[in-house]
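As structure tokens, the structure follows; a few thoughts come after it.
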Amino acid sequence: MTISAATLHQTRNDLSSDVRGRTIDLLQARLADAVDLQTQLKQAHWNVKGPHFVALHELFDRIYDDTTGHVDEIAERLVALGGTAQGTARMVAGQSALPEYPADIFGGADHVRAVADALAAFGSGVRAAIEVSGDLGDAGTEDLFTGISRDVDKNLWFVEAHGQAGA
């Protein structure tokens, strides 16, 4: 999806329409990933089983809450720049760059691996977006992605800790 200047909503934001359009495309790509990540976290939250059920069930739900905040921040920045957020499940289904979440897993260790994979992929996309938005000269979007990156790295650490040291 590429935004043209003609499809931008009017705003007094002083970023050029070219920069805003390119940034909106970047934000939309990460929005699709973030919405996909939300649904993957709920899939894990609902279906995890095993001796660490309570800890993982609650961890996945807390990360879901963090991700919901990221979804909102990304979508609001996109709209503030004059875009239209495309955030329904059907809209983002074909846009997400995250790996497909396995539907046939139940054990805690399997969900830890799958959630860690999803968080790592999301984090990688966000870090790339930091660089691109900086190159475009949009410090606001760069800062937004920097904050999200820190949260994702912390949540990845929490998830990965469940699979380390023979746990």
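The values are calculated or read from the model by the stated rules, or taken from the named source; none is laboratory data. These numbers were taken from a predicted model, which means no experiment stands behind them. No Cβ is skipped: glycine too gets one built from the backbone with ideal geometry, and neighbour counts run over all protein chains shown. Heads up: the accessible areas ignore ligands, DNA and RNA and are worked out on the full protein's heavy atoms, side chains in. Shrake-Rupley method; radii C 1.70, N 1.55, O 1.52, S 1.80 Å.
Using a Gaussian network model of the chain whose springs link C-alpha atoms within less than 10 Å, name the residue from ILE130, ILE24, ILE105 with the highest mean-square fluctuation. In the Gaussian network model the winner is ILE105. Can you tell me the accessible area per residue over the chain, all protein chains present, probe 1.4 angstrom, in square angstrom? With the other protein chains kept in place, the chain gives 52 Å² per residue. The loop-placed chymotrypsin sites (Phe, Trp or Tyr not before Pro) in the stretch 35-108, going by DSSP, that have at most 15 neighbouring Cβ atoms within 10 Å of their Cβ come out as PHE106.
Inter-part distance, the stretch 1-78 to the stretch 90-167, computed on C-alpha centroids, equals 10 Å. Accessible surface of the chain, 1.4 Å probe: 52 percent of it comes from carbon and sulfur atoms. Helix 139-161 and the longest principal axis of the C-alpha atoms of the chain enclose an angle of approximately 10°.
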